[in-house]
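The values are calculated or read from the model by the stated rules, or taken from the named source; none is laboratory data. None of these values were measured; they are calculated from a predicted model. Virtual Cβ from ideal backbone geometry, glycine too; neighbours counted across all protein chains shown.
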């Protein structure tokens with residue numbers, strides 16, 4: 001996947017998400033290492049919350065607690081809101097926070113974020129935005 005392209009966080013994140021969906025965990029780890037080297041810095045534009053949440057999903061796939069810790073800190077102030085990529089949502093920020101908290105061993109926090117995520121998707125009638133990985137927390 002990684003042939004002759006710059007390591008822009010957006011591209012690396014999308015590659016991580018695609019690799020995780022395909023079960024290519026080695027590629028996920030390579031991408032997360034690149035993002036870690038960059039300090040998990042996402043440009044604070046209209047895509048950052050979606051990118052951060054997608055990165056947490058990739059971290060969940062390989063149980064990367066370093067990524068979880070860094071991204072949890074970035075996303076936590078936005079609990080109760082939806083992610084945004086400029087055109088659509090990738091679901092509740094609390095979905096990412098639930099996975100991150102679980103990776104960090106913070107079970108009570110994970111349950112609280114899961115409840116918020118489920119409440120948001122129910123409130124807006126968007127059950128399709130519930131991430132499958134969240135079923136592993138229940």
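Numbers at a glance
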| item | result |
| --- | --- |
| Residue 84 in contact with a helix residue (DSSP H, G or I) (Cβ under 8 Å, 6 or more places away or on another chain) and part of a helix (DSSP H, G or I) | no |
| Test result for residue 116, within 24 Å of residue 22 (Cα to Cα), touching a residue at least 24 places away in the same chain (Cβ under 8 Å) and touching a strand residue (DSSP E or B) at 6+ places or on another chain (Cβ under 8 Å) | no |
| Residues within region 1-28 that are surrounded by fewer than 16 Cβ atoms within 10 Å (Cβ to Cβ), at pLDDT 95 or above and either assigned to a loop (DSSP other than H, G, I, E, B) or touching a helix residue (DSSP H, G or I) at 6+ places or on another chain (Cβ under 6 Å) (or both), tallied | 2 |
| The one condition in (1) surrounded by 23 or more Cβ atoms within 10 Å (Cβ to Cβ); (2) touching a strand residue (DSSP E or B) at 6+ places or on another chain (Cβ under 9 Å) that residue 81 fails to fulfil | (1) |
| Which listed residue is surrounded by fewer than 21 Cβ atoms within 10 Å (Cβ to Cβ) and either touching a helix residue (DSSP H, G or I) at 6+ places or on another chain (Cβ under 6 Å) or at negative phi (or both), from 96, 108, 117 | 108 |
| Failed item in (1) surrounded by 23 or more Cβ atoms within 10 Å (Cβ to Cβ); (2) within 22 Å of residue 112 (Cβ to Cβ), with residue 70 passing the rest | (1) |
| Within region 41-80, tally of residues that are assigned to a loop (DSSP other than H, G, I, E, B) and over 16 Å from residue 102 (Cα atoms) | 8 |
